[in-house]
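J.: First the structure, then my questions, so here it is.
The values are calculated or read from the model by the stated rules, or taken from the named source; none is laboratory data. Because the structure is predicted, anything quoted here is derived from the model rather than measured. A quick note on method: Cβ atoms are made from the backbone with ideal geometry, for glycine too, and the neighbour counts reach across all protein chains shown.
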Protein chains: 2
Amino acid sequence: MRSFEPPRRILMGPGPSDVSPRVLAALARPTIGHLDPAFQALMEEIKSALAEVMKAPGHACVPLPAPGSAGMEAALQNLLEPGDRAVVAVNGQFGERMAEIAARAGAEVARVDHDWGLPVDPERVGAALKAGKTKLLAFVHAETSTGARSDAGPLCALAHDCGALSIVDCVTSLGGIEVDAEGWGADVIYSGTQKCLSAPPGLSPFAVSAAARAAIDARAAPPRTWLFDMGLLMGYWGGAGGRTYHHTAPINALYGLHEALLALLEEGVAASHARHLRMHEALAAGLEAAGLELLVAPADRLPQLNAVKVPDGVDEAAARGRMLARYNLEIGAGLGPLRGRIWRIGLMGASATPWHVRLCLTALTDALAAQNYPDASRAALAAADAKLGD
Amino acid sequence: MRSFEPPRRILMGPGPSDVSPRVLAALARPTIGHLDPAFQALMEEIKSALAEVMKAPGHACVPLPAPGSAGMEAALQNLLEPGDRAVVAVNGQFGERMAEIAARAGAEVARVDHDWGLPVDPERVGAALKAGKTKLLAFVHAETSTGARSDAGPLCALAHDCGALSIVDCVTSLGGIEVDAEGWGADVIYSGTQKCLSAPPGLSPFAVSAAARAAIDARAAPPRTWLFDMGLLMGYWGGAGGRTYHHTAPINALYGLHEALLALLEEGVAASHARHLRMHEALAAGLEAAGLELLVAPADRLPQLNAVKVPDGVDEAAARGRMLARYNLEIGAGLGPLRGRIWRIGLMGASATPWHVRLCLTALTDALAAQNYPDASRAALAAADAKLGD
């Protein structure tokens, strides 16, 4: 066993995305104690930055000390009590996971199933909400397994109109497209650090509304989870009333998140969204010029997650293997019913640059040509260049 | 908001401990994907190193993607089903937390309460185990809140003799004193990274026996927790049968754990224990020369966590504040019934060196002298020097 030296990689899968040198440098700063006054000041800055980036000025915002799935678990386990009815929209792997965790929390789960690749359908969700007294609606804003974007505001409004709370999975959306907890009227939103925030995986930014906190306070029994008990977590992240010991915060990971949030605020949240969109348009133009099709209809596409159909006769794993071996470039495979049928190309955070778009088009068209697909590298790059305008 | 530059700190509290430059450097290596072949090789090395350090060759060993409390939560939530009887030894804050989490898991909790500062009493635990059909015994090997060490082997044997499983909290023990999952016959042990392993907080090394895995497989219903479902976690960490997607591993934190485990194996686990003991003996000699008393009886003391009684008339918070302000040195306060009555001085991992012992004695005697306690710095250092022999 020796010190681990990671190979050079360019990360254009569904996450993690490339982490910038400034965030990597932040991770390596000396560890201080989690009760240190300087660390408490850092926590306050992180909470404020999260509220700004999530547009959640009235929510309590904290990063949970575990990967994005922790946000999903915390949201469902804190809000659901056994016997509660939960409407869960399922249009991909992560909606599926929400339904699974809601069932584990003891809820009666009303699934609203969709074909993978479609956005969540407000009409069917509305009908499901009205079919019984419902505690909450849960859905995924940006389905990482398909690249479909759902319209969060109207869905949250439907829940609110039925007296239900709303949980919105923003793991892949935050930093890449508009997230607006306040504007949507979302009760809980959560994200991950390894997507468009471009920090390493390991933390889950989490925002909870006053109504959701009241629902948690009104539980008959505490949630089964102690580590993700929002009452205890909020006490630890404190505020005017001071802090109450709970777990030990992951200090260095929080240094990284702080630096990643700072980078996003320096760029500007809206500017980051515009950059993601521009890179997506260039990539999509290049893919189409190469004769490739995207899974999701244009109006519903996530800029940061591009699901590309594998052409007939092409071995998708062999193509990815060649891209990794020859270009050090990682893209993602399909999950569940899309396994073997799509590639997932991420343009997230520090991986959403013209350089990444061009490298990906070069590597993918090379991998296709190696499988006797017509060589399309020049056409793909020219189409991307036209969109990039540089 | 600006980039965070942590103040210079020397960490001699109950954790986190000082993180060595080599581990900090590992954290900052470029992030790669969690499905990358190179990352899978890293995971295999981490599993092997954990099995060696935990002396758990027959256990399945994985690091959970969250701080040490995650290990406690995972152990209890996976092994306990509603209605199960659990005997929990409570001799400090972390035994208290075990009882709380066991109750949340729906168990009937039989507490065996002890005065804080005492080790767990095998006789009373044995009686509690025999008082009813019991699913498991849970106790803390190294109580971080008091500095008391319990004798894990005989306690696990008592559980085994009653047909019960055993869970041993090794958060503060691993790397500092002998941990021997196989020799003890422990079914689940877990630790944290920020104590004697001297990595940043954020991960929980976890080992589970074949008997415990069989008990988990035999559950009537899956555990409420999805993120810490051991079946899913073990599938993700894989082995011969490959890996099944679950969460996204905290890549860079695992780089740090890998480097910390490598450092421990290079030093030698037994050599690390001997170093911790030697530093403790020097610190204890210095403290006694300064007229200070330790909370725990000599036979039960943890080398890595020294609970020092605050002398009458001394303001404990003011003393800690002065040590932090003048020496950048962090030590810990007491918790629960020991609040205001003790200081907790950690000698963990990279913080267990002669330099740390001398700095701590210097800073503490200075802080005491500032409160009109007789100046004892020369006597304390001389007593420590005599033990250090250099």
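J.: State the number of residues belonging to region B:311-322 that are assigned to a helix (DSSP H, G or I) and over 19 Å from B:D18 (Cβ atoms). Show your work before the answer.
T.: Of region B:311-322, the ones assigned to a helix (DSSP H, G or I) are B:316-322.
From what's left, over 19 Å from B:D18 (Cβ atoms): B:316-319, B:321-322.
Result for region B:311-322: 6.
J.: Something else now. Hey, could you check region B:250-283 for residues that are within 14 Å of chain A (Cβ to nearest Cβ) and acidic (D, E) and say which is nearest to A:K195 (Cα to Cα)?
T.: Restricting to residues being within 14 Å of chain A (Cβ to nearest Cβ) and acidic (D, E), the top hit is B:E259.
J.: Filtering region A:20-41 down to residues that are outside any loop (DSSP other than H, G, I, E, B) and closer than 24 Å to A:Y236 by Cα, which residue is farthest from the other protein chains (Cβ to nearest Cβ)? Spell out the reasoning first.
T.: Initially, region A:20-41 is screened for residues outside any loop (DSSP other than H, G, I, E, B), giving A:21-27, A:37-41.
Narrowing further to those that are closer than 24 Å to A:Y236 by Cα: A:26-27, A:37-41.
Details: A:A26: 7, A:L27: 4, A:P37: 8, A:A38: 5, A:F39: 8, A:Q40: 12, A:A41: 9 Å.
Out of the qualifying residues, it is A:Q40.
J.: How do the pairs read when you match residues in region A:22-45 that are free of Cβ contacts under 8 Å to residues at least 60 places away in the same chain and not assigned by TED's automatic domain parsing to the domain that holds A:L233 with residues anywhere that are exposed (fewer than 14 other Cβ atoms within 10 Å of the Cβ) and not small (G, A, S), using Cβ under 8 Å and keeping only pairs 6 or more apart or on different chains?
T.: Listed by first residue and then by second, the contacts come to nothing, as the list is empty.
J.: Now for a different question. Filter region A:57-69 down to the residues that are more than 14 Å from chain B (Cβ to nearest Cβ) and either closer than 15 Å to A:T134 by Cα or part of a loop (DSSP other than H, G, I, E, B) (or both) and list them by number.
T.: A:P57, A:G58, A:H59
J.: On the basis of being within 14 Å of another protein chain (Cβ to nearest Cβ) and touching a Leu at 6+ places or on another chain (Cβ under 7 Å), does A:A105 make the cut?
T.: On the way: within 14 Å of another protein chain (Cβ to nearest Cβ): yes; touching a Leu at 6+ places or on another chain (Cβ under 7 Å): yes.
Taking the combined requirement at face value, the residue satisfies it.
J.: Being part of a loop (DSSP other than H, G, I, E, B) and either surrounded by 22 or more Cβ atoms within 10 Å (Cβ to Cβ) or among the hydroxyl-bearing types (S, T, Y) (or both) is the filter here, so list the residues in region B:328-353 that pass it. Talk me through it step by step, then tell me what you get.
T.: Residues of region B:328-353 that are part of a loop (DSSP other than H, G, I, E, B), as a first pass: B:328, B:331, B:334-335, B:339-341, B:347-348, B:352-353.
Result: B:I331, B:G334, B:L347, B:M348, B:A352, B:T353.
Okay, residues lined up against (1) crowded, with 18+ Cβ neighbours inside 10 Å; (2) farther than 30 Å from B:S377 by Cα:
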residue	(1), (2)
B:H247	yes, yes
B:A253	yes, yes
B:G256	yes, yes
B:L265	no, yes
B:R275	yes, no
B:R278	yes, no
B:L283	yes, no
B:L292	yes, no
B:V296	yes, no
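J.: Still on this structure: Conditions: (1) in contact with a helix residue (DSSP H, G or I) (Cβ under 9 Å, 6 or more places away or on another chain); (2) over 20 Å from B:A220 (Cβ atoms). B:L80 meets all but one. Number of the miss?
T.: Looking at each condition in turn, B:L80 falls short on (2).
J.: Looking only at region B:7-17, count how many residues are more than 7 Å from chain A (Cβ to nearest Cβ) and surrounded by fewer than 24 Cβ atoms within 10 Å (Cβ to Cβ).
T.: Within region B:7-17, the first condition is being more than 7 Å from chain A (Cβ to nearest Cβ), and the residues that meet it are B:8, B:10, B:12, B:14, B:17.
Still in the list and also surrounded by fewer than 24 Cβ atoms within 10 Å (Cβ to Cβ): B:8, B:10.
Matching residues across region B:7-17 total 2.
J.: Since B:A157 meets every condition but one in (1) surrounded by fewer than 24 Cβ atoms within 10 Å (Cβ to Cβ); (2) of a type outside the set (S, T, Y); (3) touching a Pro at 6+ places or on another chain (Cβ under 7 Å), which condition does it not meet?
T.: Here B:A157 clears every test but (3).
J.: Quick check: is even one residue across region A:44-56 within 7 Å of chain B (Cβ to nearest Cβ) and either at positive phi or crowded, with 22+ Cβ neighbours inside 10 Å (or both)?
T.: From region A:44-56, those within 7 Å of chain B (Cβ to nearest Cβ) are A:45, A:49; that's our starting set.
Imposing the further condition that a residue be either at positive phi or crowded, with 22+ Cβ neighbours inside 10 Å (or both) reduces the set to none.
No; the residues of region A:44-56 include none that is within 7 Å of chain B (Cβ to nearest Cβ) and either at positive phi or crowded, with 22+ Cβ neighbours inside 10 Å (or both).
J.: Can you give me the number of residues within region B:113-125 that are free of Cβ contacts under 8 Å to residues at least 40 places away in the same chain and either crowded, with 22+ Cβ neighbours inside 10 Å or within 19 Å of B:G334 (Cα to Cα) (or both)?
T.: Taking region B:113-125 as the starting set, the residues that turn out to be free of Cβ contacts under 8 Å to residues at least 40 places away in the same chain are B:113-115, B:120-125.
Now drop any that are not either crowded, with 22+ Cβ neighbours inside 10 Å or within 19 Å of B:G334 (Cα to Cα) (or both), which leaves B:113-115, B:120, B:125.
Counting residues in region B:113-125 that are free of Cβ contacts under 8 Å to residues at least 40 places away in the same chain and either crowded, with 22+ Cβ neighbours inside 10 Å or within 19 Å of B:G334 (Cα to Cα) (or both) gives 5.
J.: A:A74: over 27 Å from B:K195 (Cβ atoms), in the same structural domain as A:A253 (by TED's automatic domain parsing), of a type in the set (G, A, S) and touching a helix residue (DSSP H, G or I) at 6+ places or on another chain (Cβ under 9 Å), yes or no?
T.: Numbers: over 27 Å from B:K195 (Cβ atoms): no; in the same structural domain as A:A253 (by TED's automatic domain parsing): yes; of a type in the set (G, A, S): yes; touching a helix residue (DSSP H, G or I) at 6+ places or on another chain (Cβ under 9 Å): yes.
Taking the combined requirement at face value, the residue does not satisfy it.
J.: Oh, and also: Could you please find all residues in region A:27-56 being within 24 Å of B:I46 (Cβ to Cβ) and under 22 Å from the mean Cα position of the chain (by Cα)?
T.: A:L27
J.: Restricting the search to region A:144-158, which residues are touching a residue at least 40 places away in the same chain (Cβ under 8 Å) and either over 14 Å from the mean Cα position of the chain (by Cα) or more than 28 Å from A:P337 (Cα to Cα) (or both)? Steps first, please.
T.: Step one: list which residues in region A:144-158 are touching a residue at least 40 places away in the same chain (Cβ under 8 Å), which gives A:144-150, A:155.
Correct list: A:L155 only.
J.: Quick one: A:A86 ticks every box in (1) more than 10 Å from chain B (Cβ to nearest Cβ); (2) of a type in the set (A, V, I, L, M, F, W, C); (3) crowded, with 24+ Cβ neighbours inside 10 Å; (4) part of a helix (DSSP H, G or I) except a single one, so which number is it?
T.: (4)
J.: What about B:E293, is it assigned by TED's automatic domain parsing to the domain that holds B:E52, modelled with pLDDT of 95 or more and of a type in the set (D, E)?
T.: Details: assigned by TED's automatic domain parsing to the domain that holds B:E52: no; modelled with pLDDT of 95 or more: yes; of a type in the set (D, E): yes.
So B:E293 fails the test.
J.: Another question about this same structure. Looking for whichever is in contact (Cβ under 8 Å) with a residue 40 or more places away in the chain, within 19 Å of A:D385 (Cβ to Cβ), assigned by TED's automatic domain parsing to the domain that holds A:S377 and over 20 Å from the mean Cα position of the chain (by Cα) here; the options are A:P303, A:P354. Which one fits? Working first, answer last.
T.: Details: A:P303 fails: over 20 Å from the mean Cα position of the chain (by Cα).
Result of the check over A:P303, A:P354: A:P354.
J.: Also, I was wondering about something else. Failed condition for B:A325, given (1) assigned to a helix (DSSP H, G or I); (2) under 17 Å from B:L361 (Cα atoms); (3) in contact (Cβ under 8 Å) with a residue 24 or more places away in the chain, with all others met?
T.: Among (1) assigned to a helix (DSSP H, G or I); (2) under 17 Å from B:L361 (Cα atoms); (3) in contact (Cβ under 8 Å) with a residue 24 or more places away in the chain, B:A325 violates only (3).
J.: Also, I was wondering about something else. So, in region B:70-83, of the ones that are touching an Asp or Glu at 6+ places or on another chain (Cβ under 9 Å) and hydrophobic (A, V, I, L, M, F, W, C), which residue ends up farthest from the other protein chains (Cβ to nearest Cβ)?
T.: B:L79
J.: Something else: Could you check region A:42-56 and list, in sequence order, the residues that are small (G, A, S) and part of a loop (DSSP other than H, G, I, E, B)?
T.: In the first step, residues of region A:42-56 are kept if they are small (G, A, S); the result is A:48-49, A:51, A:56.
Within region A:42-56, just A:A56 meets the criteria.
J.: Report, ordered by the first and then the second residue, all pairs with beta carbons closer than 8 Å, sequence separation of six or more or different chains, a first member in region A:260-274 that is free of Cβ contacts under 8 Å to residues at least 40 places away in the same chain, and a second member that is part of a helix (DSSP H, G or I).
T.: So the pair list comes out as A:E267/A:R275.
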